[in-house]
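Below: one structure, written as structure tokens.
FYI, it's all coordinate maths here, none of it is from the lab. Remember, it's a predicted structure, so these values are computed and weren't measured experimentally. Cβ sites come from the backbone with ideal geometry, for glycine too, and all protein chains shown count toward neighbours.
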There are 2 protein chains.
Amino acid sequence: MKFSNFFIPTLKESPSDVKMRSHDLMIRSGMIRQETSGIYSWLPLGFRVLKKIINKIELFHDIDNVNQILMPTIQSSEIWKTSERYDTYGKEMLRITDRNNKDLLYGPTNEEMITVIGKQYIKSYKSLPRKFYHIQSKFRDEIRPRFGVMRAREFIMKDAYSFDLDETNGEITYHDFFNLYLKIFNNLDIPVVPVRAPSGEIGGNLSHEFHLIVESGESEIFIKDDVFNKKYDDLSLKELINLESYTDDYFKKINEKSGFNSFKSIELGHIFLFGSKYSDSFNFVVDSHEGKFKPFMGSYGIGVSRIPAAVIEYSNDSNGIIWPKNISPFMVHLINLLHDDTECLEFCEKIYKDLIKKKIEVIYDDRSESPGKKFSDADLIGIPVQIICGKAFKKHNEVSLIHRANKKETYFKSENILNSLIDILGENV
Amino acid sequence: MKFSNFFIPTLKESPSDVKMRSHDLMIRSGMIRQETSGIYSWLPLGFRVLKKIINKIELFHDIDNVNQILMPTIQSSEIWKTSERYDTYGKEMLRITDRNNKDLLYGPTNEEMITVIGKQYIKSYKSLPRKFYHIQSKFRDEIRPRFGVMRAREFIMKDAYSFDLDETNGEITYHDFFNLYLKIFNNLDIPVVPVRAPSGEIGGNLSHEFHLIVESGESEIFIKDDVFNKKYDDLSLKELINLESYTDDYFKKINEKSGFNSFKSIELGHIFLFGSKYSDSFNFVVDSHEGKFKPFMGSYGIGVSRIPAAVIEYSNDSNGIIWPKNISPFMVHLINLLHDDTECLEFCEKIYKDLIKKKIEVIYDDRSESPGKKFSDADLIGIPVQIICGKAFKKHNEVSLIHRANKKETYFKSENILNSLIDILGENV
């Protein structure tokens with residue numbers, strides 16, 4: 001992609017009310033734009049990151065036979081009255097009256113709707129288990145939206161829901177989702193820590209959150225020393241139920257508090273096994289040989305649009321973003337410093353086309369801007385590898401390769417640069 | 001995908017208020033579910049079709065360097081007051097008050113927002129032309145939502161917007177979008193007819209719609225005899241401006257009405273070149289060598305969530321849907337009639353895995369249902385090719401291949417079926 005075709009409107013400064021590093025960097029790198037309080041547009045660069053995340057989430061859900069659906073953003077108030085959450089949800093729920101004075105709402109979550117869907121179609125134990133997910137806009141009317149897309153009012157969530165015959169099967173499904181989440185975050189280069197959580201609003205009693213530890217995080221988690229370096233992907237169901245890592249709320253209820261460290265963190269995922277709370281409310285009954293069952297349910301959320309901000313919060317320096325490879329909008333940032341020079345231009349065009357052929361994602365700065373502007377934009381945008389074509393190309397037929405993370409620069413003969421890039425990025429090609 | 005893993009809840013009957021064939025078939029094939037008036041969930045099979053359409057739309061927009069973004073569904077009322085559409089838009093606009101008594105709305109379209117975005121970042125002629133698109137939920141509070149997703153209140157739209165320096169460049173961009181739309185619909189196997197349209201609400205004076213001719217359509221278009229079989233993809237700008245095909249509204253204004261035929265149709269796309277209407281309202285000014293310009297704008301919509309319904313309306317028989325290949329959720333429907341027979345089961349499992357290896361999308365009916373139920377579901381769902389493994393397999397080692405469109409059945413030796421399928425579906429593999 002060329003800058004001339006791909007719009008990345010970098011800015012020198014953020015508005016003065018921007019307090020968080022990731023918020024500042026997302027605004028200045030032209031990833032997002034605030035439209036009104038807590039409501040954002042995703043510009044081309046930001047959307048590209050979002051889509052990488054979504055593609056990865058879809059891939060792993062599909063592999064696990066979680067069926068993708070799409071529920072609407074607008075819901076009828078009736079189902080929320082049935083579950084008795086319409087009044088209790090409070091002012092965070094965006095309530096709407098349509099032209100016929102019918103009470104609607106912008107869904108903050110979808111337990112009610114999925115239960116009604118399940119109830120219509122699932123009549124027999126033979127149809128169980130069933131797992132559904134969708135990726136969709138949600139709205140929660142936060143009293144104090146802040147930190148950009150980290151705590152926005154309109155945001156994108158992946159929410160999944162499961163139906164099982166009974167608690168035993170429900171726990172198996174819950175365990176599968178626990179491992180699915182670890183796999184997804186691992187594949188996005190995000191080192192999350194799972195912690196036990198209270199289930200609160202949604203109900204039930206088995207719940208975990210997935211946190212990224214960063215100093216600027218709004219959450220706090222408590223971890224027992226010997227758990228911190230643990231690998232979580234081979235935990236048995238019993239081990240995950242008894243995990244000695246806790247959210248703030250849960251930790252308050254723990255008696256034995258010695259030996260725990262606290263960390264500031266960002267919550268990226270949340271899973272619940274809440275049982276028959278909603279199948280009870282909606283009288284959702286399934287037939288089996290042993291009689292009638294109320295299906296055992298769970299819900300599983302990922303804060304999709306919060307992920308880019310969390311990753312930036314975790315991976316940046318004074319010059320800008322440092323994207324991990326698996327989530328980076330591009331792999332290579334090609335910079336032509338001599339855009340008026342025919343040889344340099346021809347070389348850049350050739351390497352640009354070669355990279356595309358090799359399916360290495362490249363953003364090519366073909367603008368007529370100063371070297372200083374091009375360098376600072378490249379560091380701000382944070383693509384893992386920068387390729388610079390400038391004076392050394394004219395003098396010695398050399399281009400340089402800079403690793404964004406450590407700013408280490410190496411010169412290569414221009415005819416060798418493509419193979420060197422393939423060597424470096426090989427795993428991702 | 002196996003029925004045991006992919007949820008297709010077919011129904012015997014639709015609710016009695018379902019009047020349109022596509023609405024009935026989408027409900028009965030388990031593609032969609034009504035949640036409340038004019039608001040639908042897309043179930044796994046329906047979402048799969050939707051995603052095929054979205055992927056194709058994204059592919060061709062990306063090739064044309066239209067940058068994908070994502071604007072929020074909720075907008076501030078202020079920008080609509082600036083363009084003076086807040087009052088004129090009427091009751092179709094879903095108006096919302098948030099917890100701080102701020103007036104918001106669920107966007108019915110995005111001309112205002114994209115203009116504000118353009119105004120912030122585009123300062124110089126050097127940044128032009130720019131083209132953006134997004135695929136997002138829209139809400140229009142129809143007084144009489146009907147025909148399922150054909151005329152829903154919440155729906156998915158692809159809307160694109162362009163900024164050009166002046167009218168001449170704007171017309172070039174408009175012409176490009178006209179051809180882009182033909183390419184997209186052609187690649188979805190949808191034979192649309194472009195017709196000239198009045199621009200109405202959005203303003204400006206160059207506008208075309210893309211219609212699919214079907215008897216049950218709500219729209220009416222007027223086409224001059226000699227234009228009907230025309231190829232539209234090599235029209236010059238002048239030819240498309242003077243196209244003798246019209247929407248109903250436009251036709252009323254035509255003086256010479258002889259020689260026209262009228263057709264019932266469904267509107268699937270709509271493009272506008274409206275000029276500086278919104279850059280005027282928002283005082284969006286760009287510098288150039290020749291002074292200051294108000295960018296010339298256009299907008300370009302596709303009714304994404306209406307497309308599956310339109311295609312079904314156009315392609316079905318008394319038994320169900322007949323999917324054209326390029327939009328079909330799967331290519332092959334594998335039916336095991338003897339699900340208790342070990343040999344039959346082993347054969348079906350093998351052919352299922354072979355098809356996946358060959359990247360031929362397959363839905364495999366592995367349920368313990370009667371042959372009658374399996375056949376009627378297969379015809380209802382409408383996958384182009386059905387493979388039947390039953391008594392002939394046991395007796396003669398033969399399986400049959402049925403073309404859904406014409407119900408023509410051919411028997412093949414079981415060892416030849418894979419290659420026969422590859423021959424038949426070859427173009428799509």
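A few notes on this one:
- Residue list for the range A:228-247, given a label point 7 angstrom along the Cα-to-Cβ vector of A:Ser258 and an amide N cut-off under 19 Å: A:244-245
- Per-residue 3J(HN,Hα) values for the range B:133-142, derived from phi via the Karplus relation 6.51 cos²θ - 1.76 cosθ + 1.60 with θ = phi - 60°, read 9, 8, 10, 7, 6, 10, 9, 10, 7, 3 Hz in sequence order (x marks Gly and Pro).
- Unit charges at the beta carbon, dipole of the range A:295-421: most positive-side option, A:Tyr300, A:Phe347, A:Ser414: A:Tyr300
- Global form of the protein assembly as shown, assessed from the alpha-carbon gyration tensor, a/c cut-off 1.5: rounded
- The angle separating the long axis of helix B:371-381 from the principal Cα axis of greatest extent in chain B is about 20 degrees.
- Only Lys, Arg, Asp and Glu carry charge here, each on its Cβ (+1 for the first two, -1 for the last two); on that basis the range B:330-428 has a dipole of about 180 debye about its Cα centre.
- Loop-located chymotrypsin sites (Phe, Trp or Tyr not before Pro) in the range B:188-279 (DSSP state not H, G, I, E or B) with no more than 16 neighbouring Cβ atoms inside 10 Å: B:Phe228.
- Reducing the range B:57-78 and the range A:11-62 to their Cα centroids gives an inter-centroid distance of 14 Å.
- Placing a label point 7 Å from the Cα of A:Ser216 along the Cα-to-Cβ direction, the residues of the range A:318-356 whose backbone N falls under 18 Å of that point are A:318-324.
- Estimated from helical segments only, the mean residue ellipticity of chain B at 222 nm is -9000 deg cm²/dmol, where each DSSP H run of four or more residues counts as -39500 (n - 2.57).
- Within the same chain, lysines fewer than 8 places from A:Lys252 are excluded, and of the rest, those with a Cα less than 18 Å from its Cα are A:Lys224, A:Lys264.
- When the charge dipole of chain B is built from unit charges on Cβ atoms (+1 for Lys and Arg, -1 for Asp and Glu) and taken about the Cα centre, the candidate among B:Ile383, B:Gly320, B:Pro371 whose Cα reaches farthest toward its positive end is B:Pro371.
- With both residues required to sit in the range A:290-397, DSSP beta bridges show an antiparallel share near 20%.
- Acute angle (nearest 10 degrees) that the helix A:44-63 long axis makes with the longest principal axis of chain A, alpha-carbon atoms: 50 degrees
- Distant-in-sequence amide H partners of A:Asp317 (H built 1.01 Å from N, under 5 Å): A:Ile322
- Counting Cβ atoms of other protein chains within 10 Å of each residue's Cβ and taking the mean over peptide B:45-57 gives 1.
- Helix A:342-357 and the longest principal axis of the C-alpha atoms of chain A enclose an angle of approximately 30°.
- The value of relative contact order for the range A:330-428, using C-alpha pairs under 8 Å at least six residues apart, is 29 percent.
- Choice from B:Ala160, B:Ala392, B:Ala309 with maximal GNM fluctuation in chain B (Cα, 10 Å cutoff): B:Ala392
- Dipole orientation for chain B: of the candidates B:Ile254, B:Phe210, B:Ser22, B:Ser22 has the Cα lying most toward the positive pole (charges on Cβ; Lys, Arg +1; Asp, Glu -1).
- Cα gyration tensor category, rounded, prolate or oblate, for the range B:1-149 with a/c compared to 1.5: oblate
- Dipole check for the protein assembly as shown: with +1 at the C-beta of Lys and Arg, -1 at the C-beta of Asp and Glu, and the Cα centre as origin, the magnitude is about 40 Debye.
- In order along the range A:262-277, the phi-based Karplus estimate (6.51 cos²θ - 1.76 cosθ + 1.60, θ = phi - 60°) of 3J(HN,Hα) comes to 10, 9, 6, 7, 10, 7, 10, x, 8, 10, 9, 10, 9, x, 9, 3 Hz; Gly and Pro are listed as x.
- The rotation axis taking chain B to chain A passes closest to this chain B residue's Cβ, listed with the gap in Å: B:Ile96, 3.
- Shielding score for A:61-71, defined as the mean number of other chain Cβ atoms within 10 Å: 5
- For the range B:21-317, a crude dipole built from +1 on the beta carbon of Lys and Arg and -1 on the beta carbon of Asp and Glu, taken about the Cα centre, is about 800 debye to the nearest 20.
- Computed over chain B with a Gaussian network model linking Cα atoms closer than 10 Å, the most mobile of B:Asp166, B:Asp317, B:Asp341 is B:Asp341.
- Shape of the range A:21-317 from the C-alpha gyration tensor: oblate (a/c of 1.5 or more and a/b not above b/c, with a ≥ b ≥ c the square roots of its eigenvalues).
- Pairs of Cα atoms nearer than 8 Å and 6+ residues apart set the relative contact order; for chain B it is 16 percent.
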